Structures are given as structure tokens and as C-alpha cells.
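Encoded as C-alpha cells, the structure appears first; notes follow it.
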Amino acid sequence: MKVTRPKLSWWERTYFPAILKGLAITLSHIPKIKKRVTLEYPEVRWALPPQYRGAPILLTGLDGNEKCTSCKLCEFICPPRAIRIVAEETSLEKEKRPKEFDIDMGLCIFCGYCQEVCPVEAIWLKDEYEMADYDRTNLIFNKEQLLARGRKPPYLPGREKPLEEPK
Amino acid sequence: MNRTTVDRERLGLNTELVTVNMGPQHPATHGVLRIVLTLDGEVVVSARPDVGYLHRGIEKICETMTLHQAIPYTDRMDYLAPVVNNLGLAMAVEKLVDFQITEKCRVMRVVCMELGRLSSHLLWLATAGLDIGAGTVYFYAFTGRERIMDLFERMSGARFTVSYGRIGGLARDWEAGIERDILKVMDLTKDAISEVDKLLTRNKIWCDRNQNVGPISAEDAIDLGLSGPNLRAAGVEWDIRKAYPYLGYDRYDFEIPVGEHGDCYDRYLVRMEEMRQSIRIVEQALKEYDPSGPLFPTDPASQKVFLPRKDRVLTKMEELIHQFIVATEGPKTERGKEIYFSIEATKGELGFYLVGSGTNVAHRCHFRSPCFVNLQALPVMVEGQMVADVVATVASLDPVLGEVDR
């Protein structure tokens, strides 16, 4: 299929119709101004979909301990190697727990692989996206910070329950 | 063609050639592209694109990690259509390990590919218009692109770096009813395209700035290895979706737009028509979409490639073991097996050359990026043209520096 190059008439070659048509199209957008696509962030926030991939957090189990069993699968799969885990033994039923669990948010690319591979659903990508800081060292979140972020209520209701998985 | 009009010798003017750096921080270079221009007055005598400012060694990084982990890195190549890169790598690995995807996954991939193409072309339209001075186009095209980004956010959870492709399937299923919203967005995108079409196609200023600017002949285009819309604008009917169909593109009814002059205006026309064809493909593909089908194959032999279902991982011992095995060891490649798989990405032929190592890490990863090859045609296009035309030509070539440098 050949694309055809339009032949301009003498009137079109005077530049006026292009200007007039452009103005007409711009004016035709004035009635649509209510349906604008921009938002006055940060006063107005957009509705995030439930599967939004924000900052990773650690979840706390019903017994009040962290769910993580320190299997280190997320540490292995993390493409930018942002996760560091030091394991220790525990008297709890799960036998192993993370002594240290650091995520370097300066490295994290929010791909969601950690959430995907976690066999106990202990790490989760929450709907949080405002993490800017003046100091890079503040961007390394340790275990307590991650658990505290996990306990904070989500922006969206209903985020606690696991998402539907692909068939 | 030399457009120098002043006869310097007759006028006795003392002139010399001037070397100018356009970029790497020039706003009209679409990234960190540096062009070393040698100018005679306002006429370009020679142009040398200098690339490498965004080199991150993605190919080498991908060789140090599992093929599964490499997928988010491909997002950062052609970052205007990341989903196309994701799916391209996933399909290349599937070819390496001989894997058959399901029908539902195929349809979803076709839709994602074409949505990626639309979002990339809309961004090209916006920025190419802005480079030449058509500022209004920017807003209409970006509004159209924004709707597609919202769809990607709903599909994958991220607007931009979607990481949506997975070896063997896709990261997650679509939510119910998204196909209706995709069709709605396609209708709105049609309106946005026709609005821009009204603004630009018969606009005398746009014609003056684009027609006969940065021309390239079909022979030169083939010699320089151009691909994608830039090659088609030069009059060569070449589209990998038609020539070597993948993802069942041969079943869909669409046409390849071809230009004849190979100048900026034809590249504009070709991309506009490609967007309309993409919408046609999406509409045809969504007719075939059946949400009840499986996203991943169910036969036992193929289970070693993709992660098992999460609900079964949490409750069943066997799937839990599987989860660990697949995440750390699968999919296993054949040692020494080489494959080359190419797709028609938004900018041209995006090729993946992979060599198996016997494990789930590729021995060698090479990505043939269309922008890198397309950019070498820039000197042929701009030499003898005016300086202002360099901006228009670079814009019409649509280089993405993330992909040029990788």
C-alpha cells in the first residue's frame, strides 16, 4: 500500500487554511476542558490499579512476627541485586527468620520479581511511590522500616488480600 | 545536492568550515546523541553521529544473570515501547528452549505489541512535531499515549517499565473487561490520530519543513541496513510481520504502508498509516480473545519453564519445590545452541541472538537494535542540507538512545 502525498490547492498553499484549521481544532477542545487528563498533583491523586507496583514492603503474619522465612529466593532473583538478607535461627515453627533484610531503594527497579517468587507472600509491592530523599543512605530500608511500611494502611482499600493469580 | 547559494569566490568572501557539536545535551536530539557537524555557512558538509553516552552494557549484564532476570533490563533498551522488547526476548528464549505458548497468550501478546507500537509512534509524533515547531500536536498525541499507558498500568502494574513479558507467557492475566476498555481507547486513539492528521498532513508549513528534507533512496536504505518505517518510507515493502510471521501475524488483515521519496514527510505518512493499521490489528486480535482460556500451557513437559500458580505454591509441596527449581534453574538451554530471532519492533528489526550454555544463563546475548543501525543513515540524509533540517531529520529517524547504546 503506497502512502499518497496530498496535492495542495493554491488556497492551501497560502498558509491561511492551515492556521485557521489549527485554530478551529484548538477551539473545539474548549468544551472538552472538563474531561482533562492532567491532575493537580499532589493535592489530587490518581486512582492506582490494585496491581500497581510500588515500593516493596515486608508483611507481618497474624502472630505478629514477620512472614519471611529467609529462603533468599528474592535475593537470588532480584535483577539489580537490591536485596540483602542475613538469616538466623528462630524457635518459631518456621525455624528461620531474617536477622537483617535490606532493600536498597536506590537500586530497586520495581519489577515485582520478589513478590512473584516469594513462596510465603512475605514481600509485597505496595502502592507507594513517593520515596525521594536527599541522602542515598536513607534509601536503604532495613527490616524494621520495611515491616513498618507494611503495617501502614494502603492508599487503596482491599490491597491486603492477595491478587488473583494467572490461570 | 548542495544548497549553497552564495558564490563565495566571486564575492571574494573569506570563509572556512566550522565544526559544531549538536548535542549531547541538545533538546532536539531525543536523548544523549551527539552529532559532530561540519558546516559551510548553514549547509551541512559532513555529519558524524557520536553514540555511547547512554551505554550501560545491557548485553553483558544479561549474560551474567538468568534469562528470566534479563527481562526487566530489556525495558531500558527501547524505553518508548518496553513491552515490545520484553516480549521479543521472551519469544527468543522460547525459540531457544522450544516452547509453545497458548492461544490466549498469543492473542494477548499481539495486542500488547500493537499497543506498544501505538504508544511509541504517538510519542514520536508528539516530539517530531515539537522539534519542528508544531507544539499543539504534542498535547493531542500525548493525551492519546496517556490512555495507552493507563492500559499498561492496569495490565502489568507499571506505566512505563512494564516488564510484562515472561518466558512462556505473561506476568499476569488481564482483569475482566479490559478488552472493552482497550477497544474504547482504540476509538479515542483513532480520533487523536485523525485530529493530528487534520493539523499536519495538508499543512503548508509542515510540508515545507518535511518534504524533500533528509531524503534517502531505496538502494542506500538497503545498503545501510535501515529497517522499519524508515526503510518503508524509502519505498521498500519490508515488514517482518509479513515476511517472517511470528505470533500468528499472518492471520490478521493489515497492510504495509510504503512511501516513495524516503524523506521526512514520507516517514511521517508511513508512521501515521502504521498507527491506523495497528488499531486494525488490535481490533481483529481482540475478537479472538477468550478470557476463559489458560495463559500458561498445562502439559507437564512445559512446566519447567515458567513459575507455577501462586495459590498452588502456597498450598502444595510439589509446586513449592517447583517454584524454587524454576526460579533458580529453569528454563534450561541447550549448550552451544544458537538462535537468532527478530521481530518488527516499533523502530525496525529488533533481533535477539542467543547462545545456550547448558544452564538458564545465556552464553552470549546480542541485541540487534534498529535505532543503532538506522542512525548510521543520518550522514547520508543530512549532508548537503541545512542545519535546521538536521533537527527535522533526526526527529523523523526516531532514534531512542537507550536502544542505540544499550
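The values are calculated or read from the model by the stated rules, or taken from the named source; none is laboratory data. This one's a predicted model, so the numbers in the text were calculated from it and none came from an experiment. Please note: Cβ atoms are built from the backbone with ideal geometry, for glycine as well, and neighbour counts cover all protein chains shown. Quick note on the areas: whole protein, heavy atoms, side chains included, nothing else; ligands and nucleic acids left out. Shrake-Rupley method; radii C 1.70, N 1.55, O 1.52, S 1.80 Å.
A few remarks follow.
Okay, residues lined up against (1) polar (S, T, N, Q); (2) within 27 Å of A:Ile25 (Cβ to Cβ); (3) not assigned by TED's automatic domain parsing to the domain that holds B:Cys112:
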{"site": "B:Leu188", "(1), (2), (3)": "no, yes, no"}
{"site": "B:Val196", "(1), (2), (3)": "no, yes, no"}
{"site": "B:Thr201", "(1), (2), (3)": "yes, yes, no"}
{"site": "B:Leu247", "(1), (2), (3)": "no, no, no"}
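- Single residue of the range A:120-146 satisfying the filter (more than 27 Å from B:Glu319 (Cβ to Cβ) and in a helix (DSSP H, G or I)) that is farthest from the other protein chains (Cβ to nearest Cβ): A:Glu144
- Residues being in a loop (DSSP other than H, G, I, E, B) and open to solvent by less than 50 Å² (accessible area, probe 1.4 Å) - total across the range B:292-303: 4
- Close pairs (6 angstrom Cβ cut-off, 6 or more residues apart or separate chains): part of a helix (DSSP H, G or I) in the range B:197-217, open to solvent by 50 Å² or more (accessible area, probe 1.4 Å) anywhere: B:Lys204/A:Arg13; B:Lys204/A:Tyr15
- Scan of the range B:239-258 for residues that are free of Cβ contacts under 8 Å to residues at least 60 places away in the same chain and touching a Gly at 6+ places or on another chain (Cβ under 9 Å), ordered by number: B:Val258
- Complete set of residues in the range A:54-82 that are out of contact with any Pro (no Cβ under 8 Å at 6 or more places or on another chain) and hydrophobic (A, V, I, L, M, F, W, C): A:Ala55, A:Ile57, A:Leu58, A:Leu59, A:Leu62, A:Cys74, A:Phe76, A:Ile77, A:Cys78, A:Ala82
- Residue count, the range B:347-406 (criterion: of a type in the set (Ser, Thr, Tyr) and touching a strand residue (DSSP E or B) at 6+ places or on another chain (Cβ under 6 Å)): 1
- Just one of the numbered conditions (1) more than 22 Å from B:Lys204 (Cα to Cα); (2) crowded, with 22+ Cβ neighbours inside 10 Å; (3) among the hydrophobic types (A, V, I, L, M, F, W, C) is not true of B:Phe99: (2).
- Number of residues in the range A:120-131 that are more than 26 Å from B:Ile321 (Cβ to Cβ) and either open to solvent by 30 Å² or more (accessible area, probe 1.4 Å) or not basic (Lys, Arg) (or both): the value is 5.
- Among the residues of the range B:304-319, the ones that are more than 13 Å from B:His68 (Cα to Cα) and open to solvent by less than 50 Å² (accessible area, probe 1.4 Å) come to 4 in all.
- Evaluated against (1) assigned to a helix (DSSP H, G or I); (2) under 17 Å from the mean Cα position of the chain (by Cα), B:Val162 falls short on exactly one condition, (1).
- Taking (1) open to solvent by 10 Å² or more (accessible area, probe 1.4 Å); (2) more than 24 Å from B:Lys304 (Cβ to Cβ); (3) of a type in the set (A, V, I, L, M, F, W, C) in turn, B:Ile58 satisfies each apart from (1).
- Applying a threshold of 7 Å to beta carbon distances and a minimum spacing of six or more residues, or different chains, the list of pairs starting in the range A:39-67 at a residue that is closer than 21 Å to B:Ser156 by Cβ and ending at one that is basic (Lys, Arg) and open to solvent by 70 Å² or more (accessible area, probe 1.4 Å) is empty.
Yes/no matrix, rows are residues, columns are (1) at pLDDT below 90; (2) closer than 23 Å to B:Lys184 by Cβ:
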residue: B:Arg276; (1), (2): no, yes
residue: B:Pro294; (1), (2): yes, no
residue: B:Val305; (1), (2): yes, no
residue: B:Lys310; (1), (2): yes, no
residue: B:Glu329; (1), (2): yes, no
residue: B:Lys332; (1), (2): yes, no
residue: B:Ser342; (1), (2): no, no
residue: B:Phe352; (1), (2): no, no
residue: B:Gly356; (1), (2): yes, no
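- Helices (runs of 4 or more DSSP H) wholly inside the range B:62-153 that include at least 1 residues being touching a residue at least 12 places away in the same chain (Cβ under 8 Å) and basic (Lys, Arg): B:82-96, B:103-132
- Top-ranked residue of the range B:61-92 - restricted to ones that are more than 14 Å from every other protein chain (Cβ to nearest Cβ) and open to solvent by 10 Å² or more (accessible area, probe 1.4 Å), ranked as modelled with the highest pLDDT: B:Met91
- Close pairs from the range B:289-316: first β-branched (Val, Ile, Thr), partner at pLDDT below 80 and open to solvent by less than 20 Å² (accessible area, probe 1.4 Å), Cβ under 9 Å, at least 6 apart: B:Val305/B:Gly330
- Subset of the range B:173-223 [within 9 Å of chain A (Cβ to nearest Cβ) and polar (S, T, N, Q)]: B:Thr201, B:Asn203, B:Gln211
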